[in-house]
Each structure stands twice: as C-alpha cells, then as structure tokens.
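Structure first, then comments.
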Amino acid sequence: MSFCVKKLKKSYNKKVVLNDFDFKVETGKSVGLLGPNGAGKTTFIRCSTGLSKITGGEITFNGLDIKTNFVEYISNISVIFDKSHFYEDLSGRDNLKIVCNLKSCDVALIDKVSIEVGLEKRLDDRVRNYSYGMKKRLQVAASLLGSPKLIFLDETFSGLDINATTSFINMFDKIRKDNVSLVISTHNISVLDKLVDQVYIINNGRVVGFIEEDNIHDKVIEITCTQKELLKLIEHSKIQVELVKEEIDKIFLKVKDSVTMDLMHFIMNTNLKINNVKTLKYLEFYYSELLGEYSNDQIN
C-alpha cells in the first residue's frame, strides 16, 4: 500500500504553483516535506487531500485515483493543518462527535483516540478553555477518527514549546507503528531528524532534492584545519567518511551517526593544528547547500 504522485501540476489564474511534482510514501513510512515559504508545500497537501482540484498529473493511494475514486480514496486519508477550526463553545467530545458524523464512524472511537493523544481528562471541557497545545491534541484526535492509513501534517509542530514538541514526536511515532504513513511539512529540522525516514526538498513548485533513509541521520563534521594532511590521517584510521565540501581552510566530512564520536575523538587527538570543529545534521547541511539564501527561511 502506498501513496504515489506523478507529474502533478497545479495552477492558479495561469500561475504555475506545482510543476511535474513527483512524490511517494510507502506503507508505514514517515516522509518529510521541506522547503522555503511559498515553495508549494501547503498547495501540495491541499491537492493531495481533495481541498484543491489538481490541474494535471496523477495522485493515487493504494491504486485509488483521487479523480475517479475520490470517496474511497479520501476515506483513507486525514490532514492536520496549522490552525484548528473547532466550535469553541462545545466540548472536545462534542466536536469529535461532529467529526464522527462527517466521517461516518462509530462515536465509541472518541474515547480510544482521546487516550492515544492524552486528551481524556479534558475531553468534556469546552474547547475555549483548552490551551494551544490541547487544541493541537484535539486536531490529532480528530484526524485519527475513521482509522486513516495516511495522515498529512502541515506545520502541526509550529508554536509548540520544546516539551510539547517532544511529546508530539513520541505520539506520532506510536501512531506510525500501526502501519499509518505520515507526510510531515515543517520548518523544524529537529522534528524531521527524529520522526521521518526520507525527506523531499522542494522549491518553486518542484522537487529539487531527496534524502534517502540510509542518510537521514548522517552528520557533517566541519573542520578548520590543514585539509590534506588530516584526510590522509583519517584514511589511515579507516574511519568511513565522505568529503562533501572543501574550502580554502575547511573541509566538510559526512559520516554515519554511529561513528561520529569516533571521528571527533580521532580528530582531537591528532598532532595537526585544528582551529575549529563543528557538527551539523546532514539534512541541515544538504538543505543549506541546495537552496543557499533560502536555507534560513524559518528553519530551526
């Protein structure tokens, strides 16, 4: 079972927003969507969830085409946007009952999903009395009703503090272990680093980069030093590294997370003059190198 997008096009008033957009998510996988503001991330999610009509191309889930099998297609999918749209004067439970009615699912599921998202103690309180984080939890609970197989998250982590972000990461990690696939659009690199298996990088409505599962947790070591001598020493040490960038007085080495500390220890114990050593996430480095001036656009 998989979600597949081929040659997707979307235009508004002759302005092309998505062009030849290809994307794929395998069953149970979590895939990140990263790009600067205006790159087309939200438009892609709106097209994929039936909220915006596609101009061209193909979107399928488990062989079901969004254009020809829409009802069956959309029954497998949920979406969580940045902003919530609940009835503030109703309780969380009553809001979820409305969602159950829309999705034609059993209201008995409300208690189950509220426990999954940690909302059970506040379920019968009015939504207007919920904190920002509790409203986010209610959004997640609503998305789980109907037992979707694919959930889109559009900046779901924005506005959350560190503790809440960690809690949400753990929550979605448990959700995807039930063979639920996730598509996560966020500016938060740390969320992607901890929660996704692959990352698509997009700009100007196109996929411009892709990080595979084998490389998602790699690190890049930035070293200010005499490069050639250090590279010879590292080669002799047999620590597996990849030279990904070289400047006049710096080298950037990509290394597996599992041997990062071995490399750092080795570098610090050389007799060479090392002026500075810095560890970067490969995802952050790759994004910065790929998009340059766009790389600081709300990335954190």
message: acidic (Asp, Glu), in the same structural domain as residue 178 (by TED's automatic domain parsing) and touching a helix residue (DSSP H, G or I) at 6+ places or on another chain (Cβ under 8 Å): is that true of residue 116 in this structure?
response: yes
query: Does residue 153 fit the bill of being in contact (Cβ under 8 Å) with a residue 60 or more places away in the chain, of a type in the set (A, V, I, L, M) and surrounded by 19 or more Cβ atoms within 10 Å (Cβ to Cβ)?
result: yes
- prompt: Mind checking which residues of the range 43-88 are small (Gly, Ala, Ser) and closer than 15 Å to residue 148 by Cβ?
  reply: 48, 50, 75, 78
message: Condition first: touching a residue at least 12 places away in the same chain (Cβ under 8 Å) and either among the charged types (D, E, K, R) or farther than 19 Å from residue 54 by Cβ (or both). Now tell me which residues in the range 9-28 satisfy that.
response: 9, 10, 20, 22, 24, 26, 27, 28
query: Mind checking whether some residue in the range 5-15 is in contact with a Cys (Cβ under 6 Å, 6 or more places away or on another chain), surrounded by 15 or more Cβ atoms within 10 Å (Cβ to Cβ) and part of a strand (DSSP E or B)?
result: yes
message: Can you tell me how many residues within the range 92-113 are of a type in the set (S, T, N, Q) and either crowded, with 18+ Cβ neighbours inside 10 Å or within 28 Å of the chain's Cα centre (by Cα) (or both)?
response: 1
- prompt: Within the range 156-174, can you find the residues that are surrounded by fewer than 21 Cβ atoms within 10 Å (Cβ to Cβ) and either without any contact (Cβ under 8 Å) to a residue 24 or more places away in the chain or not polar (S, T, N, Q) (or both)?
  reply: 159, 160, 161, 162, 163, 164, 166, 169, 170, 171, 173, 174
- prompt: Given the structure, is residue 191 buried (at least 21 other Cβ atoms within 10 Å of the Cβ), within 30 Å of residue 72 (Cα to Cα), within 16 Å of the chain's Cα centre (by Cα) and in the same structural domain as residue 119 (by TED's automatic domain parsing)?
  reply: no
message: When you check residue 22 against the structure, is it among the acidic types (Asp, Glu), assigned to a strand (DSSP E or B) and over 22 Å from residue 172 (Cβ atoms), yes or no?
response: yes
query: Looking only at residues in the range 245-259 that are of a type in the set (Val, Ile, Thr) and surrounded by 17 or more Cβ atoms within 10 Å (Cβ to Cβ), which one is nearest to residue 283 (Cα to Cα)?
result: 255
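The values are calculated or read from the model by the stated rules, or taken from the named source; none is laboratory data. The structure displayed is predicted, hence computed values, not measured ones. Every residue, glycine among them, receives a Cβ derived from its backbone with ideal geometry; neighbour counts consider all protein chains shown.
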